[in-house]
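Structure, as structure tokens:
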Ligand SMILES: Cc1ncc(COP(=O)(O)O)c(C=O)c1O
């Protein structure tokens, strides 16, 4: 074996010493309170069942701009745009690619990006690749965002506000109406990542922007298909102009092999499945039940989404709690610092349509109440 750069083992050893070494594991068949399969499309094999017996190509043979495009791509994008009430949609290979492509290509040198301190790593990476200046605002803090807009508006050509409608590590929701109002007042462009809202919130799972009545106020919305939608890929929604711009300038769109037909059929089927709202109603019933059971418990971050967080400060404590649950056949993932701030370590509990009230009771009975 050729030698490796010395820092590989040094940095891994440092992580191990801090108890933070990341490892891949194969999920054992336990009660699932950790996956993003909120509606159970994967758990119940719903998409695979719909597509059973159909023979779809395994590859697309090239990037969208060379040989990978198809009439299916084009018609699916039109359907996605219509479903979410947007002018146009552009499919990316993942939510990561969508956020990186959007945020790295649209904001320019004399522009400013104001972003919530808890946005996802993919938005951070896109921002990091752009030439725009960027400042964070305190999580969901409308006054802080307003103050930053007030101070910086005169000094930049364009301003972008980057937020999530449901935050992936806290499960809470952004004050969308207030933020859309600010964007309008300061002539800023609102970008909303709906990764954890699609399928879960809004009419037929169309997302929180639609439910809050601010879809038309968004410059761009990002919908990902690897969570409640039970498949893979993502779409950026906005104007035709934005779609054409991304096709020309978003490098994570241009320089990669397009999704295969099979992936597109899965996305198409996931949207069809949203029409039957049974799964969404079951999930909402579980969310209501969970909130009733945990009302007044100071450990929990308030949430109306599928993601609920039990804050248990200390990496060792939260790891020990994950292991205690696992011993009882329950899997909820511990989220440690520095992924979250020190002192805010937590168990991230994802609720699903397929979880039963008994499973929720078993989980809550193990967690200390005060
Ligand atoms: C808020 C948010 N945006 C984007 C992504 C990335 O999506 P994908 O898994 O499709 O790359 C994730 C997933 O981890 C996410 O939580």
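Rule-based calculations on the coordinates, nothing more; no lab input. Since the structure is predicted, the reported quantities are computational estimates derived from the model, not experimental observations. Glycine also receives a Cβ, built like all others from the backbone with ideal geometry; neighbour counts cover every protein chain displayed.
Couple of notes before you dig in:
- The residues 1, 321, when put in order of fewest to most other Cβ atoms within 10 Å, stand as 1, 321.
- Taking the C-alpha atoms of the range 54-274, convex hull volume expressed per residue in Å³: 104
- By the count of neighbouring beta-carbon atoms within 10 Å, fewest first, 181, 111 end up ordered 181, 111.
- Normalised by the number of residues in the range 54-274, the mean separation of alpha-carbon contacts (under 8 Å, six or more apart) gives a relative contact order of 29 percent.
- Helix-only CD estimate at 222 nm, as mean residue ellipticity for the chain, using -39500 (n - 2.57) per DSSP H run (n ≥ 4): -11500 deg cm²/dmol
- Segment residue 277-residue 141, length gained on full extension (0.36 nm per residue, minus Cα span): 45.7 nm
- Using the alpha carbons alone, the radius of gyration of the range 88-179 stands to its Kirkwood radius in an Rg to Rh ratio of 0.96.
- Residue exposure sequence - 97, 125 - by fewest surrounding Cβ within 10 Å: 125, 97
- Computed label-point distance, nm, for sites residue 108 and residue 13 using a 7 Å Cα→Cβ extension: 5.0
- Gain on full stretching of the segment that runs from residue 157 to residue 357 - 0.36 nm per residue minus C-alpha separation: 66.8 nm
- Residue 285/residue 365 FRET efficiency (R0 30 Å; Cβ-Cβ; nearest 0.05): 0.95
- Here's the picture: a label point sits 7 Å out from the Cα of residue 255 along the beta-carbon direction, and within the range 52-89 the residues with their amide nitrogen under 16 Å of it are 63-66.
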